[in-house]
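The values are calculated or read from the model by the stated rules, or taken from the named source; none is laboratory data. Small disclaimer: the values here were computed from a predicted structure and weren't measured. Note: ideal-geometry Cβ built from the backbone for every residue, glycine included; neighbour counts use all protein chains shown.
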Amino acid sequence: MLYTLYELNHLAVMPLRAAAMAQSALFRAPFNPAAHTPMGRAAAAASDVFETITRRYRKPDWNLPFTIVNGHRVAISPKHVWTNPWVRLTHFEREPRDLIAAREGMKADPKVLIVAPLSGHFATLLRGTVEGFLPDHEVYVTDWVDARMAPLIAGRFDLNDYVDHIIYMLQKLGPGAHVVGVCQPGPAVLAAVALMSQAGDPCTPLSMTFMGSPIDARRSPTAPNKLAEERPLQWFKQNMIHTVPAMYPGAFRQVYPGFIQLASFMGMNWSRHVDAHWEYFQNLTKGDGDSAGKHREFYDEYLSVLDLTEEFYIQTIEDVFQEYKLARGVFDHRGHMVDLNAIRRTALMTVEGERDDISGVGQTQAAHDLCPNIPDNARELYVQPLVGHYGVFHGKRFLEEIYPRLRAFILAAQGEGAAKASSARRPKLRAVT
């Protein structure tokens with residue numbers, strides 16, 4: 001019922017949005033004498049703010065047309081190399097002729113699978129992460145599908161399916177790849193690497209990096225961690241799960257709606273978002289287009305959300321945030337106990353933000369304690385000062401301070417494992433539907 005009311009509310013304000021857009025155009029028209037008055041600018045700015053906060057935000061484009069490799073401009077083409085109802089494995093293919101000119105005489109770049117979070121936002125939230133990796137890596141990203149767009153005939157998708165998809169995509173990349181888990185997928189990626197190690201899979205990645213991930217949410221618990229721990233599982237089922245309305249392909253699927261997750265995120269820092277929109281209004285009023293543009297760019301991404309399937313959301317709450325199964329060594333994947341002791345040849349790096357209020361300091365670096373058989377010279381633990389959760393994988397400090405460490409770590413792991421990876425026999429891929 002809540003989901004339907006949400007959609008009806010959006011439809012109800014459409015006439016007001018149309019009126020606001022018309023008023024904005026009117027007060028910006030060159031023939032209108034009021035356009036250059038303080039009142040006219042304020043009216044136009046108020047209309048823009050109203051339109052912004054009532055708009056339906058769709059999935060943004062990647063908007064990464066090129067990268068710079070050794071001073072050469074290299075064209076980028078995002079291509080889906082594998083798809084199913086739940087994910088699109090996207091390869092950011094660099095134009096071969098441009099790349100040959102830029103990297104003449106140099107070795108092939110490492111293949112990196114960036115596992116995007118499935119926690120409310122689209123994979124495009126990692127645009128800055130991908131942008132940082134592109135000059136030095138063959139970048140692949142897990143572009144998860146909005147659950148409201150997956151028809152019921154597509155079946156279920158839970159945390160075990162998520163792990164299977166990660167394994168399958170690493171197998172698609174072949175031996176010698178690297179994996180980076182950003183935020184939520186950390187436990188699932190770690191479980192996938194352990195299962196591949198246990199099976200002796202030659203496509204087990206050479207390195208794994210976790211960035212702001214709840215590997216062990218018992219450490220430095222944050223407000224979201226405490227909420228998940230304090231509420232019984234039944235409370236989440238009754239209050240957070242809703243039915244997709246009939247207007248979507250996934251009609252009647254039970255989901256955790258993205259708009260509820262967004263409300264939770266914004267509620268954690270409500271005053272900051274109110275101040276940001278007030279500043280946006282002021283910048284529009286005084287004609288500061290650059291600052292207003294940056295505001296729109298951020299919120300066009302931040303306010304674009306997707307739904308999660310009921311089974312994935314509930315299992316994640318239970319296994320990761322209430323029972324800490326992977327951290328306690330009791331995570332069962334389709335009848336096979338995940339043994340983190342099996343990880344011996346995959347290098348490990350963890351990155352945390354000093355001010356992270358979603359995955360507290362210590363939650364990610366717990367991976368080092370849980371994987372005791374990784375050699376000390378194949379580990380790196382880094383805490384970035386002065387950044388919060390999003391600063392771990394996006395922004396100036398990521399590009400200037402975090403990414404150079406990631407690049408050096410991956411290159412070191414590539415050097416150590418290149419011979420083994422090149423001689424490994426590619427396995428038959430397991431079907432994932």
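Summary of computed values
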{"item": "Strands (runs of 3 or more DSSP E) completely within the stretch 72-129 that count 3 or more residues being buried (at least 18 other Cβ atoms within 10 Å of the Cβ) and modelled with pLDDT of 95 or more", "result": "87-94, 111-115"}
{"item": "Some residue of the stretch 248-261 being modelled with pLDDT under 90, surrounded by 15 or more Cβ atoms within 10 Å (Cβ to Cβ) and within 25 Å of the chain's Cα centre (by Cα)", "result": "yes"}
{"item": "Count - residues of the stretch 372-387 that are of a type outside the set (A, V, I, L, M) and either modelled with pLDDT under 95 or out of contact with any strand residue (DSSP E or B) (no Cβ under 6 Å at 6 or more places or on another chain) (or both)", "result": "6"}
{"item": "Single unsatisfied condition, M14 versus (1) surrounded by 14 or more Cβ atoms within 10 Å (Cβ to Cβ); (2) outside the structural domain of F133 (by TED's automatic domain parsing)", "result": "(1)"}
{"item": "Residues (without any contact (Cβ under 8 Å) to a residue 60 or more places away in the chain and in a strand (DSSP E or B)) located in the stretch 303-342", "result": "D332, M337"}
{"item": "Index of the failed condition, S291 passing every other in (1) touching a helix residue (DSSP H, G or I) at 6+ places or on another chain (Cβ under 6 Å); (2) small (G, A, S); (3) crowded, with 17+ Cβ neighbours inside 10 Å", "result": "(3)"}
{"item": "Members of the stretch 65-91 that are farther than 30 Å from L159 by Cα and either in contact with a Phe, Trp or Tyr (Cβ under 9 Å, 6 or more places away or on another chain) or of a type in the set (A, V, I, L, M) (or both)", "result": "T67, I68, V69, R73, V74, A75, I76, S77"}
{"item": "Those residues of the stretch 295-323 which are of a type in the set (D, E), under 20 Å from R156 (Cβ atoms) and under 16 Å from the mean Cα position of the chain (by Cα), in sequence order", "result": "D307"}
{"item": "Unmet criterion (only one of (1) loosely packed, with under 15 Cβ neighbours inside 10 Å; (2) within 14 Å of M240 (Cβ to Cβ)) for N269", "result": "(2)"}
